[in-house]
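See structure below.
The values are calculated or read from the model by the stated rules, or taken from the named source; none is laboratory data. Keep in mind it's a predicted model, so treat the numbers as computed, not measured. Here the Cβ positions follow ideal geometry from the backbone for every residue, glycine too, while neighbour counts run over all protein chains shown. To get the accessible areas, we keep the full protein, side chains included, count just its heavy atoms, and leave off ligands, DNA and RNA. Shrake-Rupley method; radii C 1.70, N 1.55, O 1.52, S 1.80 Å.
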Amino acid sequence: MYDALHRQKEVDVNEIKIAARGVQVHYGDNHAIKDVDVDIEDKTVTAFIGPSGCGKSTFLRCLNRMNDTIPICRVEGSILLDGEDIYDKRVDPVQLRAKVGMVFQKPNPFPKSIYDNIAYGPRIHGMARNKAELDEIVERALRRGAIWEEVKDRLNAPGTGLSGGQQQRLCIARAIATEPEVLLMDEPCSALDPIATAQVEELIDELRENYSVVIVTHSMQQAARVSQRTAFFHLGNLVEFGDTSTIFTNPEDPRTESYITGRIG
Amino acid sequence: MTDATLHDGQPAPRKSSLHQLDALTKKRNAAESRFKAYGIVAILIGLFFLVVLTVTIVRSGIPAFTQTVVAVEFTLTQEQFDDAESKLMKTGAYQDYFIAAMEGKLAERGIEMDFDPAAIERLLGKIGSNLREHYRANPGDLGRPVSFELSASSRVDGYFNGRVTRDTLVESRFLMLSDLDLVDALSDAGLLKQAFNWNFITGADSGVDNPGGAGIGASVVGSFFMMLVVLVLSLPIGVAASIYLEEFAPKNRFTDLIEVNISNLAAVPSIVFGILGLAVFIQFMHLPQSAPLVGGLVLTLMTLPTIIISTRASLKAVPPSIRDAALGVGASKMQAVFHHVLPLAMPGILTGTIIGLAQALGETAPLLLIGMVGFVARGYPDGFLDGFVEPNSAMPAQIYTWAARSDVAFYDKAWGGIIVLLVFLLAMNFVAIVLRRRFERRW
Ligand SMILES: Nc1ncnc2c1ncn2[C@@H]1O[C@H](COP(=O)(O)OP(=O)(O)OP(=O)(O)O)[C@@H](O)[C@H]1O
Ligand SMILES: [Mg+2]
C-alpha cells in the first residue's frame with residue numbers, strides 16, 4: 001500500500017532547523033493548536049498530516065509568522081529557528097519570511113506577468129545586479145517549479161491566466177526564487193494532476209539537499225513518498241511525530257493508525 | 001429489515017418530463033419575469049426624468065449662448081474721419097454717420113423709419129465710441145466697406161425669444177415700446193442675425209444692468225483653481241489616511257471612533273463646512289475673502305471623507321490572498337501595499353476621487369459663507385499664483401448670483417451657466433471612465 005514500506009528511508013538525524021516548544025494558538029476563543037512540540041530538521045522533508053480543521057495550516061503559518069496578519073490570532077510558546085526565537089521582539093517578521101518561504105493552499109499568483117511573479121521576490125531582496133541575472137533566476141526558478149516548458153514562450157502573459165495547477169507551480173517557483181532556507185508548503189499538490197504532482201515531489205526531494213521542507217498534505221501516499229518525518233495532528237494536538245516509515249508501518253497511537261488506514265478523517 | 005420496509009421508506013423517484021414545467025418552476029419563472037419588469041419600469045422612470053431635465057436645461061440654456069447682432073456694412077471716408085475728429089462731440093459724429101448709413105440700408109429695402117439716436121443707444125450701446133476706436137486703430141479701413149457686427153442689448157434677445165413682448169414690456173430707460181418698431185424694421189431689412197455669444201464663454205460677469213455682457217469664463221477659472229486646491233490636497237491626504245487606517249492602524253476603540261467620525265463627516269451638510277471655513281481660514285488665519293484658495297480648502301474638507309470612504313472600500317476589495325502572497329515572499333507590509341494592493345485598488349480610488357471632485361465642483365452652500373457667492377469677478381486673475389488668492393467666483397456661485405438677480409435676462413444666463421457646469425461634470429466623468437479603463441487591467 002505505501003511506498004514507505006518498500007523504500008529504504010534515510011533516517012539519520014540531521015541538525016535541528018526549527019524547534020517548536022509549547023506552541024499554543026488561539027483564534028479568539030477557538031483553541032486551534034494545543035501545546036505542540038516539534039523539531040524540524042535541516043535537509044529533511046517533514047510532512048504534517050491530519051483531518052481537515054485539525055490545525056495543520058495554522059501551525060505551518062506560525063513557522064513564518066504569517067499568523068501575525070490575522071488580528072484575532074494569538075500565538076504562545078517558543079519557536080526557535082537556528083536557535084533564535086522567531087517570536088522575539090527583536091525579530092522582524094519580514095526578514096524571517098525571506099528565510100522561511102511559503103506556498104499557500106490556494107494558488108495566489110500576483111495579477112502581473114509570469115516573469116514579474118517570479119522576479120518580484122529577487123527584486124525586493126536585491127538578489128540580481130542586472131537584467132541578465134534576473135532572467136537567469138527566473139528561468140531557474142521556473143525550471144525547478146516544473147513549469148518552464150509550459151510558460152517559456154509567454155513570460156509576459158498574466159500569471160492569473162494560467163490553469164489552477166500551473167498557477168500553483170508558478171507559486172512554488174516564486175517561493176523558491178528567493179532561495180529560502182526553509183520552505184513551507186500548504187497542500188501544494190491539491191490542484192495538480194498526477195504528472196505535475198510527480199514533478200513537484202521530485203522538486204521537493206531535490207530541495208531537501210539544501211533546504212528544510214515542511215509539507216502539509218492530505219495524501220498519505222504523498223507523505224510516505226516525499227517525507228522523512230511525519231507529524232500527525234488531531235483536533236489541535238500533535239498526536240504523534242516521528243520517522244515517516246515508523247508512523248506508517250507501526251504507529252503508536254490508535255488515532256494515528258485509524259487515520260492512516262482511513263477510518264477517521 | 002425486509003425489502004418491503006425499504007421500499008416504503010424510500011419512494012421510487014417520480015418520473016417527470018423535462019418538456020413540462022412543474023408548478024414550482026412556473027412560479028419561479030414568473031417571479032423572475034416580474035422582477036425584470038420592475039427593473040425595466042424603474043429604468044424607464046429614471047430615463048424619463050433624465051430626458052425631461054436635459055430638454056429643459058438645453059431649451060432654457062441655449063439663449064445664453066446666442067446673441068442678436070446688427071450686421072451693417074459701413075464705409076467711412078477719410079474726409080468723414082477728419083471731419084468727425086475735428087468736432088467737439090467726436091463719438092456723436094461717428095454715431096450720426098452710422099445712423100445715416102443704416103437709414104440708407106433701410107431705404108434700399110423700402111423701409112422708412114425715423115431714428116432717435118437715443119433708441120440706437122438703447123439697442124446697440126455706445127456705437128460711436130466703438131466705431132471711433134476701430135478706425136483710429138485701423139486707419140487702413142478708411143474709405144472701404146467694413147462689415148460691423150454690433151451686439152444688440154439683451155432686451156432685444158428677449159424680444160426674439162419671447163421673454164419680452166409688446167404687451168408685457170415695461171417702458172424703461174433700457175427699452176421703449178417704439179424701439180421695438182425699429183427692431184422689427186431692422187429684422188425685416190435682414191440686418192439682424194443671431195450669432196454665437198463667445199463672450200458668454202470667455203467673459204467675466206457684468207453689472208446688474210447689462211445681462212448681455214455677462215460671461216462665465218472668469219468663474220470657470222475660479223472653479224479651476226479651487227479644484228486644483230481640492231485635488232492636490234484631498235487626493236494625497238485621503239489616500240494616505242485610508243491606507244494607514246485600512247492596512248496599518250491597529251483595530252481598537254480609538255480607530256473605531258475615527259472610522260465612525262469619518263462616515264459621519266461625509267454626511268455633514270456642506271454649509272457647516274462653509275461656516276467652519278469662515279471661522280478658521282478667514283477669521284482666524286486671515287486668508288483673503290472670496291479667494292479660490294479658501295474655497296478649495298473648504299471643499300477639501302468636504303471631499304476628504306468621500307475619498308477616504310471610497311479608497312478604503314477599494315482597498316478592502318483587494319483579495320487578502322494577494323497580501324499573503326507578497327508577505328510570503330518576504331515583502332514588507334508597505335511593499336505589499338504599494339506594489340500589489342494599491343495598483344489593484346487604483347480604479348476604485350480614482351472613481352471615488354473624481355466623484356468627490358465633481359461633488360465639490362457643483363457645491364454652492366459653503367462658498368456662500370466665505371464670500372464667493374455674489375462676488376462679481378470683473379476679469380481674469382493676473383497670473384497663475386494670483387489665481388489662488390485673488391477674489392473670484394465659482395461656476396455654481398455665479399449661477400446662483402445670476403438666478404438671484406431681478407433682471408429676468410440673467411435667468412437665461414443662469415441656465416446657460418448650468419450647461420457649462422454640466423459639460424465640465426460630464427468631462428470629469430469621462431476622464432474617470434478613461435482612467436478606470438487604463439488601470440483596470442483585469443488579469
Ligand atoms: N483565519 C481564521 N480565523 C479564525 N479561525 C480560524 C482561522 N483559520 C483557521 N481557523 C480555525 O482554526 C482551526 C484549524 O484550522 P486550519 O486551517 O489550521 O486547519 P487545517 O488542518 O489546515 O485544515 P484543512 O486540511 O482543511 O486545510 C479550525 O477550527 C479553523 O476554524
Ligand atoms: Mg489547511
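Some notes on this structure:
- Per-residue average of Cβ from other chains inside 10 Å of B:122-135: 0
- Accessible area (Å², 1.4 Å probe, nearest 10) - A:W148: 30
- For B:F248, the solvent-accessible surface with a 1.4 Å probe is about 80 Å², rounded to the nearest 10.
- Under 29 Å from the Cα of B:K27 - lysines, other chains or at least 8 residues apart: B:K15, B:K36
- Shielding by partners - mean other protein chain Cβ count within 10 Å, residues of B:312-325: 3
- One equal scatterer on each Cα of the range B:163-313, no solvent, Debye formula: the resulting log10 I(q)/I(0) at q = 0.09, 0.11, 0.18, 0.20 Å⁻¹ is -0.54, -0.67, -1.12, -1.26.
- Taking the Kirkwood radius as Rh and the Cα radius of gyration as Rg, the range B:66-196 has a ratio of Rg/Rh equal to 0.98.
- Candidates B:R136, B:R163, B:R59: whichever shows maximal mean-square fluctuation once chain B is modelled as a Gaussian network with Cα springs under 10 Å: B:R136
- Only protein heavy atoms count here; on that basis, with a 1.4 Å probe, A:D82 has an accessible area of about 80 Å².
- Helix-only mean residue ellipticity at 222 nm for the protein assembly as shown, each DSSP H run of n ≥ 4 adding -39500 (n - 2.57), per residue, nearest 500: -16500 deg cm²/dmol
- Averaged over the residues of B:331-343, the number of partner chain Cβ atoms lying within 10 Å of the residue Cβ comes to 3.
- With the convex hull drawn around the C-alpha atoms of chain A, the volume per residue stands at 130 Å³.
- Charge dipole of the protein assembly as shown (Cα centre as origin; +1 on each Lys and Arg Cβ, -1 on each Asp and Glu Cβ, all else neutral): 1280 debye, rounded to the nearest 20.
- Share of Cα-Cα pairs in the range A:195-246 lying beyond 16 Å, as whole percent: 44
- Sequence of B:H339, A:H26, B:H19 from largest to smallest accessible area, 1.4 Å probe: B:H19, B:H339, A:H26
- Largest to smallest in accessible area, the residues A:T217, B:T165 fall in the order B:T165, A:T217 (1.4 Å probe, all protein chains included).
- Protection proxy ranking for B:325-337, B:378-390, B:40-52, B:87-99, using the average of other Cβ atoms within 10 Å per residue and placing the highest first: B:325-337, B:87-99, B:378-390, B:40-52.
- Principal axis extents of the C-alpha atoms in the protein assembly as shown (largest first, rounded to whole Å): 126, 73, 53.
- Among A:P93, A:P251, A:P194, residue whose mean-square fluctuation peaks in a GNM of chain A (springs only between Cα atoms under 10 Å): A:P194
- The A-B contact accounts for roughly 1700 square angstrom of buried accessible surface, both chains included, probe 1.4 angstrom.
- About its Cα centre, the range B:4-98 has a charge dipole of approximately 1600 debye under the convention of +1 per Lys or Arg Cβ and -1 per Asp or Glu Cβ, with nothing else charged.
- Expressed in units of 2.2 N^0.38 Å, where N is the residue count, the Cα radius of gyration of the range B:217-439 is 1.15.
- Positive-end residue, chain B charge dipole about Cα centroid, Cβ charges, pick of B:P139, B:T300, B:A218: B:T300
- Among A:A175, A:A132, A:A119, the largest mean-square fluctuation in a Gaussian network model of chain A (Cα springs under 10 Å) belongs to A:A132.
- Exceeding the 23 Å Cα-Cα cut-off - candidates A:K56/A:K106; A:K99/B:K333; A:K89/B:K316; B:K251/B:K333: A:K89/B:K316
- 1.4 Å probe accessible area per residue over the range A:134-250, in Å²: 36
- The candidates B:R14, B:R166, arranged from most to least accessible area with a 1.4 Å probe in the full protein assembly, appear as B:R14, B:R166.
- Neighbourhood charge, 11 Å Cβ-Cβ cut-off, centred on A:A146 and excluding it, Lys, Arg +1 and Asp, Glu -1: -2
- Put a plus charge on the Cβ of each Lys and Arg, a minus charge on the Cβ of each Asp and Glu, and nothing anywhere else: the dipole of the range A:123-206 about its Cα centre is then about 480 debye.
- Rounded to whole Å, sorted largest first: equivalent-ellipsoid semi-axes of the range A:158-249, Cα gyration tensor: 24, 15, 13
- log10 of Debye I(q)/I(0), alpha-carbon scatterers only, for the range A:96-204 at 0.11, 0.18, 0.22 Å⁻¹: -0.29, -0.80, -1.23
- Taking the alpha carbon gyration tensor of the range B:81-141, multiplying each eigenvalue by 5 and rooting it gives semi-axes of 22, 13, 11 Å, largest first.
- The translational diffusion coefficient of chain B, from Stokes-Einstein at 20 °C and 1.002 mPa s with a Kirkwood hydrodynamic radius over alpha carbon pairs, comes to 78 µm²/s.
- Calculated over the range B:333-439: convex hull of Cα atoms, volume per residue (Å³): 142
- Ranked packing of B:22-33, A:178-189, most packed first, by mean Cβ within 10 Å: A:178-189, B:22-33
- Charge dipole (the protein assembly as shown, unit charges on Cβ, about Cα centre) - positive-most of B:N429, B:Q20, B:Y380: B:Q20
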